[in-house]
Amino acid sequence: MDYILQGFKEAISLIIRLDPEVFEIVFMSLLVSTSATILASSFLIPIGVYLGIKKFKGKRMVSRIIYTSMSIPTVIVGLVVAIILSRRGPLGYLDLMYTPKAMVIAQTLLLIPLVLGLTYSLAKSRGSNISNVSFTLGGSKFDSVVLIIKELRVDILVNVATAFSRAISEVGAVMIVGGNIKGHTRVITTSISMMNSMGDYPMAIALGIILLIISFFINSFIYSYGQED
Amino acid sequence: MRLDIENIKKTYGDKIVLDISNMTIKEGKITGITGPNGSGKSTLLNIISYIDDNFSGKVKYNGMDFSKEVAKNITYVFQKPYLLRRSVYDNIVYPLKLRKVDNKSQTKYANDIMKRLEIEDLSNKRGQQLSGGESQKVALARALVFKPKLLLLDEPTSNIDSESVKIMEREIVNFNKETSGTVLIVTHNLEQAQRICDEVISLDSGKVRN
């Protein structure tokens, strides 16, 4: 038991001392996951809303495909991106493998079905009333999509936070395409995994605590925003 | 706006919910649609407004097919209106913003319609804070503010107090007289239909009752 307590003590000390290695890892995690969340959300939220309110043939099949792809394993996404970006792959000439950009690409692809599915489901269940208001007051389809995003902004923000949480807590895709290179592509989750196998618990616990603090702040922000609205 | 309805048929599976071979709604008149529950009244409004475009037959608007331009001149007040998550004033100016009306005119038109419907004191309240009757009046104000050529109303005064009913009926009639806008109102209340309508059409099981 002592080593656990000792691990916590050292972890707190690393955080208080603002240990450069810890904060470099945290910064890289935030950079990669935030970029992926922004990229996936900015394109997929309007598309999800549009598909949710649009009536078209085969909508049931589209729903099934979207919902199924929401649970795609992270390692599968990592593997696909690695195959495409590897030296022998179709985009190998871009030399992106084992870079933060590759990690952003992998996490964006991972988040696309999640953001699309959550927004699609939200618009499908609650968007028709809003769309009808816009349409019967002279709005175009574009006006309807904009109005739905504004009206359901709190729920959409919760979806974005859910996507960010999935990105920052996933380990499979970033490990495969990033390679966990110290000072370059090392992020919180890949570090915790590595530190655990090395028996370096203080560092792993410190990063775990920071990950929990980040999640706490994101959820607190969303809760407060929802209450104010 | 004159409406010509030709051979409209709407089905859900095997069930025919609306079957009208011929119907004309005269321009500049207030026409009431009455009938029991499930007679197809709301379905008819949904089809005319094109919220529901999955039907067979034709609706002609001043002799024209439905288009973006036609849509801009039609509005619909639902039985349970959805008010946007913003102030009453912002709800009312929303259709004016869609039509790119300048800010000064937006304020003028919105204040005028709020005064007419006696809801000026609600101006800064949020849509979600209003009672059922207040919501109905705001929804009517939002529909009238841009002076549509065709106003569709689905039981706009159901479950509201008699004073509010009077105010709403007065403004529906005023709108019709001042702008010659066509009004199509679904109502269960036959007395209301007699009070404000120029003509009444009765539906039963999706068909026009003679």
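FYI, it's all coordinate maths here, none of it is from the lab. Because the structure is a prediction, the values reported are computed rather than measured. With ideal geometry, Cβ positions are generated from the backbone for all residues, glycine too; neighbour counts draw on all protein chains shown.
For region A:53-70, the set of residues classified as assigned to a helix (DSSP H, G or I) and away from chain B (no Cβ under 14 Å) consists of A:R60, A:M61, A:V62, A:S63, A:R64, A:I65, A:I66, A:Y67, A:T68, A:S69, listed by residue number. Of all residues in region B:83-100, those satisfying the criterion of being touching a residue at least 40 places away in the same chain (Cβ under 8 Å) and not basic (K, R) are B:L83, B:L84, B:S87, B:V88, B:N91, B:I92, B:V93, B:Y94, B:P95, B:L96. In region A:104-123 there is no residue that is within 19 Å of A:G178 (Cβ to Cβ), more than 14 Å from every other protein chain (Cβ to nearest Cβ), in contact with a Gly (Cβ under 8 Å, 6 or more places away or on another chain) and outside any helix (DSSP H, G or I). In the set (1) within 14 Å of another protein chain (Cβ to nearest Cβ); (2) not in a helix (DSSP H, G or I), A:Y98 fails one condition alone, (1). Candidates are the residues of region A:166-203 that are surrounded by 17 or more Cβ atoms within 10 Å (Cβ to Cβ) and of a type in the set (S, T, N, Q); the one that is nearest to the other protein chains (Cβ to nearest Cβ) is A:T189.
For region B:50-63, the count of residues that are within 14 Å of chain A (Cβ to nearest Cβ), in contact with a Lys or Arg (Cβ under 6 Å, 6 or more places away or on another chain) and without any contact (Cβ under 8 Å) to a residue 60 or more places away in the chain is at least one. Filtering region B:74-86 to residues that are more than 8 Å from chain A (Cβ to nearest Cβ) and surrounded by fewer than 18 Cβ atoms within 10 Å (Cβ to Cβ) leaves B:Q79, B:K80, B:R86.
Identify the residue in region A:124-134 that is surrounded by fewer than 21 Cβ atoms within 10 Å (Cβ to Cβ) and farther than 17 Å from B:S49 by Cβ and, among all such residues, is nearest to the other protein chains (Cβ to nearest Cβ). Walk me through it before giving the result.
From region A:124-134, those surrounded by fewer than 21 Cβ atoms within 10 Å (Cβ to Cβ) are A:124-126, A:128-129, A:132; that's our starting set.
If we keep only those that are farther than 17 Å from B:S49 by Cβ as well, we get A:124-126.
On the way: A:K124: 16, A:S125: 14, A:R126: 10 Å.
The residue in question is A:R126.
When the criteria are applied in full, B:E6 fails the requirement of being closer than 25 Å to B:A141 by Cβ and among the acidic types (D, E).
Can you say whether B:Q128 is more than 12 Å from chain A (Cβ to nearest Cβ) and assigned to a helix (DSSP H, G or I), as far as the supplied structure shows?
No, not satisfied.
Does any residue of region B:154-167 turn out to be part of a loop (DSSP other than H, G, I, E, B), surrounded by 23 or more Cβ atoms within 10 Å (Cβ to Cβ) and more than 14 Å from chain A (Cβ to nearest Cβ)? Yes. Residue count for region A:135-149 under the criterion of being within 8 Å of chain B (Cβ to nearest Cβ) and assigned to a helix (DSSP H, G or I): the result is 4.
I'd like to know if region B:174-185 contains one or more residues that are among the aromatic types (F, W, Y) and within 14 Å of another protein chain (Cβ to nearest Cβ). No, every residue in region B:174-185 fails to be among the aromatic types (F, W, Y) and within 14 Å of another protein chain (Cβ to nearest Cβ). Residues in region B:87-125 that are of a type in the set (G, A, S), touching a strand residue (DSSP E or B) at 6+ places or on another chain (Cβ under 8 Å) and more than 14 Å from chain A (Cβ to nearest Cβ): B:S123 only.
When you look at A:I130, is it free of Cβ contacts under 8 Å to residues at least 40 places away in the same chain and among the aliphatic types (A, V, I, L, M), yes or no? When the stated conditions are applied, A:I130 passes them. Exactly one residue out of B:L152, B:L130 is touching a residue at least 40 places away in the same chain (Cβ under 8 Å) and touching a helix residue (DSSP H, G or I) at 6+ places or on another chain (Cβ under 6 Å), and it is B:L152.
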